[in-house]
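Student: Following this message is one structure expressed as structure tokens.
The values are calculated or read from the model by the stated rules, or taken from the named source; none is laboratory data. Owing to the predicted nature of the structure, the values given are computational and were not obtained by experimental measurement. Methodologically, a virtual Cβ is constructed for each residue, glycine included, from the backbone with ideal geometry; neighbour enumeration extends over all protein chains shown. Ligands, DNA and RNA are excluded from the accessible area calculation, which covers all protein heavy atoms including side chains. Shrake-Rupley method; radii C 1.70, N 1.55, O 1.52, S 1.80 Å.
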Amino acid sequence: MTRYRLTLLPGDGIGPEITAVARQLLDAVSARHGFALDYDEQPVGGAAIDATGVPLPEATLEACRASDAVLLAAIGGYQYDALPREQRPETGLLALRSGLGLFANLRPVKILSALIDASSLRPEVIRGVDLLVVRELTGGIYFGTPKGRVEADGHVRAFNTMAYSDDEIDRIARVGFELAAQRGGRLCSVDKANVLDVSQLWRDRVEAIHADYPAVELSHMYVDNAAMQLVRDPRQFDVLLTSNLFGDILSDEAAMLTGSIGMLPSASLGSEGPGLFEPVHGSAPDIAGTDKANPLAMVLSAAMLLRIGLHQGAAAADLERAVDRVLEAGYRTGDLAAEGATVLGCQAMGEQLLAVL
Ligand code: IPM
Ligand code: MG
């Protein structure tokens, strides 16, 4: 029997609760499809700070590198907010992305018809939305140098650098074009080329790479306009290609089209080695430990892990179908609840998913 090694990173807040649900479902679906999963659970973020003093221990990174895929829940908590940056949970996540070379972040946003009323936008605006944000994840202003804080002439100045080299743009552009070719055939590249030199290079390189993908329709959009178009007419988008910072912002905006960030999975991929799969939402420390968390984004992340990370597409489809079916049956977690819905806790939602599997 094929065996895969998964590193599980439950992290902080609601992370352990939703990880437990995902693990039960992964066990059930792997047994049904004839493969086995071996788990190695490791600390990251605040949990790692508490255990070892650093947000990404070397042992955690090594375990991830040695596995077939990594499933991360969420990191962060109020108690870490005042720590110096090197010791904050977010720094652990950035180090993990960069340590595993995960330059491509895929954030699909699909409106499920069962949840159409959960959105703050009108149903006729969002019905049928099915878009994918492809975000560059290991470059740009998140990692650019020089950066820092200096004191001069009685003032303090702080600065970061938004920089991309041609090869960094080319490789993420290729991911965007490949995925657009497999989906609706349209790629919209987001930049601020009317102002920023780095964006002008971005646009030039995306144009150049387009020559290899003539079947994909390419358009360009300034980031401020993209932010507006996402709420005005989100159906116009198939694949959105963005730099690191623009994708961070636009993917949260796009996520909210669905009404709850608790529904959205993501994948972060490199050119080799394991991918990292995680829900788009955070660690929700305000509801941690109360069994109120929505585990569906985590379950859908596990489905992405099965499909993209392990090439077990049939098992992935089973998990996705289970999510659709519990929603169609009217079950909701508190974040999604509408009139007439049956509100379940995190564990009970997990049990319903297992029941319909
Ligand atoms: C995300 C998050 C992270 C980011 C934070 C937690 C560092 O907002 O994954 O979008 O900015 O990339
Ligand atoms: Mg973000």
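Student: Looking at residue 297 and the list (1) crowded, with 24+ Cβ neighbours inside 10 Å; (2) more than 16 Å from ligand 1 (Cβ to nearest atom), which single condition is not satisfied?
Tutor: (2)
Student: So, residue 91, is that one within 16 Å of ligand 2 (Cβ to nearest atom), in the same structural domain as residue 163 (by TED's automatic domain parsing) and open to solvent by less than 60 Å² (accessible area, probe 1.4 Å) or not?
Tutor: Considered against the rule, which asks whether it is within 16 Å of ligand 2 (Cβ to nearest atom), in the same structural domain as residue 163 (by TED's automatic domain parsing) and open to solvent by less than 60 Å² (accessible area, probe 1.4 Å), residue 91 comes out as no.
Student: Condition check: within 20 Å of the chain's Cα centre (by Cα) and open to solvent by less than 50 Å² (accessible area, probe 1.4 Å). Does residue 116 satisfy that?
Tutor: Here the answer is no, as residue 116 does not meet what is asked.
Student: Answer yes or no as to whether residue 136 is outside the structural domain of residue 338 (by TED's automatic domain parsing), out of contact with any Leu (no Cβ under 7 Å at 6 or more places or on another chain) and open to solvent by 70 Å² or more (accessible area, probe 1.4 Å).
Tutor: Here the answer is no, as residue 136 does not meet what is asked.
Student: Conditions first: (1) polar (S, T, N, Q); (2) within 20 Å of residue 164 (Cα to Cα); (3) away from ligand 2 (no atom under 16 Å from the Cβ); (4) touching a helix residue (DSSP H, G or I) at 6+ places or on another chain (Cβ under 9 Å). Residue 200 passes all but one, so which condition is the exception?
Tutor: (4)
Student: Among 141, 169, which is the only one that is within 23 Å of residue 223 (Cβ to Cβ), more than 18 Å from the chain's Cα centre (by Cα), open to solvent by less than 70 Å² (accessible area, probe 1.4 Å) and within 16 Å of ligand 2 (Cβ to nearest atom)?
Tutor: Working: 169 fails: within 16 Å of ligand 2 (Cβ to nearest atom).
After ruling out the rest, the residue left standing is 141.
Student: Are there any pairs, at least 6 apart or on different chains, whose C-beta atoms fall under 7 Å, with the first in the stretch 62-73 and assigned by TED's automatic domain parsing to the domain that holds residue 44 and the second of a type in the set (Val, Ile, Thr) and in a strand (DSSP E or B), and if so, which?
Tutor: From residues that are assigned by TED's automatic domain parsing to the domain that holds residue 44, the pairs are 63/7; 64/7; 64/70; 67/7; 70/7.
Student: Taking into account only those residues within the stretch 300-353 that are over 19 Å from residue 72 (Cβ atoms) and among the basic types (Lys, Arg), which is surrounded by the most Cβ atoms within 10 Å (Cβ to Cβ)?
Tutor: Restricting to residues being over 19 Å from residue 72 (Cβ atoms) and among the basic types (Lys, Arg), the top hit is 332.
Student: Follow-up question, since we're still on this one. Scan 208, 227 and give me the residue that is of a type outside the set (Phe, Trp, Tyr), more than 16 Å from ligand 2 (Cβ to nearest atom) and open to solvent by 10 Å² or more (accessible area, probe 1.4 Å).
Tutor: Values: 227 fails: more than 16 Å from ligand 2 (Cβ to nearest atom).
It is 208.
Student: Only helices (runs of 4 or more DSSP H) wholly contained in the stretch 10-77 count here; list those with 1 or more residues that are in contact with a strand residue (DSSP E or B) (Cβ under 8 Å, 6 or more places away or on another chain), on the phi < 0 side of the Ramachandran plot and polar (S, T, N, Q).
Tutor: 15-33, 58-65
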